[in-house]
Structure formats: C-alpha cells, structure tokens
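These notes concern the structure reproduced below.
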Amino acid sequence: MIEVRWHGRGGQGAVTSVELLAVSAIAAGKYAQGFPSFGPERRGAPVAAFTRIDDKKINVRSGIYEPDVVLVLDSSLIGLVPVTDGLKPDGKLIVNTPKTPEEIRRELNFQGTVATVDGTGIARKEMGVPIANTTMIGALLKVIGVMELDAMKDAIDRRFGRIAQKNLNAMKRAYDEIKILN
Amino acid sequence: MGKRIGMEVAVAVAEAVGLCNIDMAAVYPITPQSHIAEHLSDLVADGHIDCEFVTVESEHSAMSAVIGASGAGARSYTATSSQGLMLMHELLPIASAMRLPIVMGIANRAVSGPLNILNDHSDIMPQRDAGWIALFVENAQEAVDLSIAAFKIAEHKDVMLPVSVNIDGFQLTHMVEPFEMPTQEEVNEFLPPFVPHATLHPSKPVTMGAFAMSDYFTEIMKAKDEAVKASKKVIQQVFDEWGEKFGRPYKLVETYKADDADVMMLTMGSMGETAQMAIDELRAKGVKAGLVKLRLWRPFPFEELKAVIGNAKKLIVTDRACSFGGPGGPVFSEIKSALYAEARRPLIYNYIIGLGGRDVQVKEFVGMFENVLADTANKAADTYEFWGVRE
C-alpha cells in the first residue's frame, strides 16, 4: 500500500486532487481511499489531504501518520508546516517549486527521494491560472508509478468538461518535466 | 451487477436514495451530512428523480415535513447530524408512534458543547428510546446497500416503523472509496412501490397522532414495543433477500474471527475494519482474539449477540459516547444487561474511544487487548475508561 499526504492551502484543490486520484485508481481496478483532513477549512489556511492506494481491499480507516510520499502543492508552506513530519526516511518528497531537488533537499535536510517541478508555472502556461492541483497529479504519478497517466482522463473529463484537456496537458507536462533526485 | 466505482460516501448515499423512487425529501444541511443534502437536491433539481424536495428552515421542520408527507403516503427521506438530530428529537417518537416508514441517514457527529463537528455517536445515543430502528454501517458499500434496504424494512407491513441508517461523519461521509452501486433495475426489482396502510386524504379521513389519556396510553406503548421487537425478524429477512439478490449478505450482529475467540472486542460503525486489523495482528502473535460488530442497535439483537459471544472469557466493549455519571458507555451497559442472566458470561471491559473525531489507530486497538489480557486479577472488569485521555 502507498500512503500519500498532500499539503496545500484551502482553495488550492488538494481535496479535489485526492478525490480525482482515488476515483481514477478505483476505475483502473485498484483499491483506494481519498480523504481530507477532517474539520473546518478556510481559504488560504494550510490544509492536508490523504491518499491510500493498494492492490487489495483497504481496511484501515485511521489517519496517515507515516506516509510513503508527501506532496507539497504550495512551497510557501515549507518552514510554516513541518511537511516532512513522519515521512518515511526512504520515502519520497514532491514539491511544486521552480527550485531544484538539491535545493529542497538542503532546505529540508531530507535524505530520501526529492522531486521538484514548477507546477504553478506549468499551470499558468497551460491553463492560465496558478492552480496546480491537477498538474501535480502528473508529478505524483511519475514518482509513484502505480498507474498510467491516461487512467486520469475519465475523471478529469467529467470534472472539468471543456477545460479538461488543458488540465490533462498540464498534468502530462509535470509528468515529463519533474526532476527526481534519489 | 452494478459497476465498481469510487465516490465520496455521502454522495453515494444520496445516489442510492435517488434509486429508491422517493416521493419526497426534506433535508436541512449540516456538517458532515451536507453532501447528502446537496447531492440529493441536485438529483431533484436536475430532473434525475421525480421527487418533491422541500427546503425547510430547520431540522425540526425537516422531520415535521417528512412526518406529514409520510402520513400522506409519500415515500419520504431525510438526513441529519448532531445538533440537527437533537433538534428533531421531540418529533422522533411521534414518527414511530404514527408508524411512519421514514428513512433517515445520520452522519454521526459529536454533540456540543464544546462545539465539535467531528465523528462520534453522541448524537444517536440520546435517540435510543425513540422507537426507531437503528442500523450502523462501516463502509461505503454498507452505507449504499442499507440506505436502500432501509426502505424495504421500514415499509414492510409487519414493521411500519422509521429507520435510521447511521453513517460515521467524516470517517465515512467524506471518504472516497470503492463500492458497487446497484442499478436502477435491480433496485426496482428489490424495492416494490410503497403501499401505505392508511393515508391522510380529505375524501377518506383518518386520525393520525391522536390524543390518548391514561386509559389507553400504556397499551399504545406496549403495542409500539411489540412492533419494534417484532421488526427484528423482518430486518434479517430483508438482509437475506439483499444477500440473495446482490451477493452481499448482512447479519444483525457481524463477526470477525470470533468462532474460537478467548478475548473479543465489540464495535459499532466505521471503526470495525480498523479493529479487524488489530485482530489479525493479535492472531499472528497467538492471541485468540475476535471481533463482534453490532449492526442493529434497535431493536437490540439479544439472542444473536449471545450466540456469537460463545465461550469468550473477556469482552471489550468500545463506546463512542458517554453516559455521564452512569454505569459506563451506553453500548457497554446494554451489553452487560444483555448478558446478565447468562450462567456463563465473559468479563466485560469498557473503553470510551474516538470522541469528537479523535483518531484510533490499529496499535491502539491492540493496546486495549493487551491491557485487558494483562489484567489477570480482573480488577478492571466491569469498569469503564476513557481511552488515551490526558489527565
């Protein structure tokens, strides 16, 4: 089982992303859970959301405390929120930032895999908005590799309608452009 | 068979209710039930279901409206949580006394104060004696299946009682997970049209919710008690029918590795599957641990519970609510009563867990078993403890 913790700010779409990812993983024949950090959320405030993906039925319903992967949607949270808390030492940290993985590794002193991509820059170019939640699904799938990027298409189409293709293009670019430092 | 899909559980519940050919819904939104209210109103507004969606100004009005509609012969649904359920409280015994087959989804949430929007069972417990059938579910599939089956139970001519389907708030309502959604055709085959035994109609007047003084009140209460008790048989029948049609049989009391268990735990609601993982860990260490999951809270399944407890020496009852100054959690005192007259009964321990959304991990369930097994002098038996409390 892979457990992912997402860090974002209220309104950036972390919850939408965990939902789209879980729905798509299930449609691809996997078992998955997607859930928000339970409770009230405010626009702009730090939020977390969670994904579990497995090949067999998932029974656990408690929170995720030692994730395999942490995805940071908003790099301004670094230093504000302890994003690597509980992240397994051999886990994977994915950050939406123009910085290199080496820089992030130094900043956070995290020795596991570090991967970076300028998700916000891609989103701005591909969709005209600085909202990188769907873009970063591409980054995540490149790093965890549990399913093909194409598996996201149906859920993205249903959610975004006429702007779905732009989301898919942004996702594909993040998938292709992410830099991974093992 | 329905297709296996992923969906948020609250939305799935609204979709399932939407398959039930409901005539009327009155749902006042409250966290964490809100997505049921929103999605059901979408289904009506978008023309997917032919249903009167009554926008009300409170939960008191929501329950009043479904009582009126059900009395008029409409298949009626509502859903709520926490404070909303507390506001409905005075109407719940009226709905059951009038023998109205209303179905209500409850996204279980702690009651104030202090204000807390997260999951426990302190909203449903004060409704224990309202004369409603109360079902509990532990995952998306059960929430979908039993939200549909609840109509068939409620409307059965030998039941004619309101049913609550208890779905843990957030832990279930806000979870996206896989399940199979029955098709409209399958639900149509399973759930016949609602034929009320009497309806409010000007051309055929009847009295519902009449006045009764001491000369009849006791008899009416006795009749209601008999009706609630008798519903147990129909509930299992409907579960059996569901099992035959959909391949997912349900029982009033579910078990996990309970057959030869020396030490057992009892849960209600969404923590059952996490507790199952603790059972697996303990079994791997050679502890004969087992799990009992109460699906039916009212009517209480006395015989079925006794049958599954078997020869267990210790039983850990988990509660998601408090009875302040009482004998322990409400489920605990119920289980003690149920087993009191048994010649052989286990020592019963009580942990009050997961209040106001506090998470309970697998290792904590294991910890509860370890504590109880370490109590070789049985000092903690028959007492209750707030699990993990900071003092």
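So how many residues does segment B:1-22 have that are modelled with pLDDT of 95 or more and more than 13 Å from chain A (Cβ to nearest Cβ)?
So in segment B:1-22, the residues modelled with pLDDT of 95 or more come out as B:5-22.
Pick out the ones that are also more than 13 Å from chain A (Cβ to nearest Cβ) and you get B:13-22.
Final tally of qualifying residues: 10.
Search segment B:100-124 for residues being of a type in the set (Gly, Ala, Ser) and outside any loop (DSSP other than H, G, I, E, B), and hand back the single one that is surrounded by the most Cβ atoms within 10 Å (Cβ to Cβ). Step through it out loud before you land on a result.
Residues of segment B:100-124 that are of a type in the set (Gly, Ala, Ser), as a first pass: B:105, B:107, B:110, B:112-113, B:122.
Those left that are additionally outside any loop (DSSP other than H, G, I, E, B): B:105, B:107.
On the way: B:105: 30, B:107: 34.
Here the residue is B:107.
Restricting to helices (runs of 4 or more DSSP H) lying wholly in segment B:7-87: which have 3 or more residues that are within 28 Å of residue B:178 (Cβ to Cβ) and either under 20 Å from the mean Cα position of the chain (by Cα) or not basic (Lys, Arg) (or both)?
Output list reads B:9-18, B:34-45.
If I go through segment B:374-388 residue by residue, how many of them are of a type in the set (A, V, I, L, M, F, W, C) and either within 21 Å of residue B:272 (Cα to Cα) or buried (at least 18 other Cβ atoms within 10 Å of the Cβ) (or both)?
Within segment B:374-388, the subset of a type in the set (A, V, I, L, M, F, W, C) is B:374, B:377, B:380-381, B:386-387.
Okay, now just the ones that are also either within 21 Å of residue B:272 (Cα to Cα) or buried (at least 18 other Cβ atoms within 10 Å of the Cβ) (or both), so B:386-387.
Result for segment B:374-388: 2.
Among helices (runs of 4 or more DSSP H) lying entirely in segment B:276-391, which contain 1 or more residues that are in contact (Cβ under 8 Å) with a residue 60 or more places away in the chain and either in the same structural domain as residue B:111 (by TED's automatic domain parsing) or more than 20 Å from the chain's Cα centre (by Cα) (or both)?
So the answer is B:362-374.
Regarding segment A:19-29, can at least one residue be identified that is assigned to a strand (DSSP E or B) and touching a helix residue (DSSP H, G or I) at 6+ places or on another chain (Cβ under 7 Å)?
no
Please state which of the following conditions residue B:158 fails to meet, knowing it meets all the rest: (1) closer than 29 Å to residue B:230 by Cα; (2) buried (at least 22 other Cβ atoms within 10 Å of the Cβ); (3) touching a helix residue (DSSP H, G or I) at 6+ places or on another chain (Cβ under 6 Å).
Going through (1) closer than 29 Å to residue B:230 by Cα; (2) buried (at least 22 other Cβ atoms within 10 Å of the Cβ); (3) touching a helix residue (DSSP H, G or I) at 6+ places or on another chain (Cβ under 6 Å) one by one, residue B:158 breaks only (2).
Give me the residue from segment A:72-93 that is over 17 Å from residue A:46 (Cα atoms) and not acidic (Asp, Glu) and, out of that set, farthest from the chain's Cα centre (by Cα). Spell out how you get there, then give the answer.
Step one: list which residues in segment A:72-93 are over 17 Å from residue A:46 (Cα atoms), which gives A:86-93.
Retained after the next criterion (residues that are not acidic (Asp, Glu)): A:86-89, A:91-93.
On the way: A:86: 17, A:87: 14, A:88: 17, A:89: 19, A:91: 14, A:92: 11, A:93: 10 Å.
Within segment A:72-93, the match that is farthest from the chain's Cα centre (by Cα) is A:89.
Give me a count of the residues in segment A:30-45 that are among the aromatic types (Phe, Trp, Tyr) and assigned to a loop (DSSP other than H, G, I, E, B).
Residues flagged as among the aromatic types (Phe, Trp, Tyr) and assigned to a loop (DSSP other than H, G, I, E, B) within segment A:30-45 amount to 1.
Give the residue that is nearest to the other protein chains (Cβ to nearest Cβ), with candidates limited to residues of segment B:172-222 that are among the polar types (S, T, N, Q) and more than 30 Å from residue A:33 (Cβ to Cβ).
Looking at residues that are among the polar types (S, T, N, Q) and more than 30 Å from residue A:33 (Cβ to Cβ), I get B:188.
Out of the residues in segment A:2-44 that are in contact (Cβ under 8 Å) with a residue 60 or more places away in the chain and farther than 17 Å from residue A:133 by Cα, which is surrounded by the most Cβ atoms within 10 Å (Cβ to Cβ)?
Ranking the candidates gives A:3 first.
Could you say whether any residue in segment A:103-111 is outside any helix (DSSP H, G or I) and under 21 Å from residue A:15 (Cα atoms)?
Within segment A:103-111 (the criterion being outside any helix (DSSP H, G or I) and under 21 Å from residue A:15 (Cα atoms)), the answer is no, since none of the residues qualifies.
What single numbered condition from (1) under 15 Å from residue B:172 (Cα atoms); (2) facing chain B (nearest Cβ under 8 Å); (3) not aliphatic (A, V, I, L, M) fails to hold for residue A:40?
The single condition residue A:40 does not satisfy is (1).
If I ask for residues that are part of a loop (DSSP other than H, G, I, E, B), touching a Ser or Thr at 6+ places or on another chain (Cβ under 7 Å) and among the hydrophobic types (A, V, I, L, M, F, W, C), which ones from segment B:125-158 would you list?
B:132
Assess whether residue B:164 counts as being in a helix (DSSP H, G or I), touching a residue at least 60 places away in the same chain (Cβ under 8 Å) and in contact with a strand residue (DSSP E or B) (Cβ under 7 Å, 6 or more places away or on another chain).
Answer is no for this residue.
State yes or no: is residue B:97 crowded, with 24+ Cβ neighbours inside 10 Å and either modelled with pLDDT of 95 or more or more than 14 Å from the chain's Cα centre (by Cα) (or both)? Walk me through it before giving the result.
Numbers: crowded, with 24+ Cβ neighbours inside 10 Å: no; either modelled with pLDDT of 95 or more or more than 14 Å from the chain's Cα centre (by Cα) (or both): yes.
No.
Could you identify the single residue in B:293, B:285 that is more than 14 Å from chain A (Cβ to nearest Cβ), out of contact with any Leu (no Cβ under 7 Å at 6 or more places or on another chain) and among the basic types (Lys, Arg)?
Numbers: B:293 fails: more than 14 Å from chain A (Cβ to nearest Cβ).
So the residue among B:293, B:285 that is more than 14 Å from chain A (Cβ to nearest Cβ), out of contact with any Leu (no Cβ under 7 Å at 6 or more places or on another chain) and among the basic types (Lys, Arg) is B:285.
Just to be sure, is residue B:358 farther than 20 Å from residue B:260 by Cα and buried (at least 21 other Cβ atoms within 10 Å of the Cβ)?
For residue B:358, the condition - farther than 20 Å from residue B:260 by Cα and buried (at least 21 other Cβ atoms within 10 Å of the Cβ) - is not met.
Between B:206, B:228, which is farther than 25 Å from residue B:271 by Cα and in contact with a Pro (Cβ under 6 Å, 6 or more places away or on another chain)?
Numbers: B:206 fails: in contact with a Pro (Cβ under 6 Å, 6 or more places away or on another chain).
Criteria check complete, one pass: B:228.
So which residues in segment B:249-262 are touching a helix residue (DSSP H, G or I) at 6+ places or on another chain (Cβ under 6 Å) and either within 13 Å of residue B:366 (Cβ to Cβ) or not in a loop (DSSP other than H, G, I, E, B) (or both)?
B:253, B:255, B:256
Taking the condition surrounded by fewer than 17 Cβ atoms within 10 Å (Cβ to Cβ) and modelled with pLDDT of 95 or more, does residue B:371 pass?
yes
Take the conditions among the acidic types (Asp, Glu), more than 21 Å from residue A:48 (Cβ to Cβ) and part of a helix (DSSP H, G or I) and apply them to residue A:150. Does it pass?
Yes: the conditions hold for residue A:150.
Pick from A:69, A:47, A:60: which is of a type in the set (A, V, I, L, M), crowded, with 17+ Cβ neighbours inside 10 Å and at the interface with chain B (Cβ under 8 Å from one of its Cβ atoms)?
None of the others qualify; the one that does is A:60.
Would a scan of segment A:100-122 turn up a residue that is within 14 Å of chain B (Cβ to nearest Cβ), modelled with pLDDT of 95 or more and over 19 Å from residue A:141 (Cβ atoms)?
Checked against the condition, which is being within 14 Å of chain B (Cβ to nearest Cβ), modelled with pLDDT of 95 or more and over 19 Å from residue A:141 (Cβ atoms), segment A:100-122 yields no hits at all.
The values are calculated or read from the model by the stated rules, or taken from the named source; none is laboratory data. As the structure is a prediction and not an experimental result, all values here were calculated from the model. Don't worry about glycine lacking a Cβ; one is built from the backbone with ideal geometry, like all the others, and counts go over all protein chains shown.
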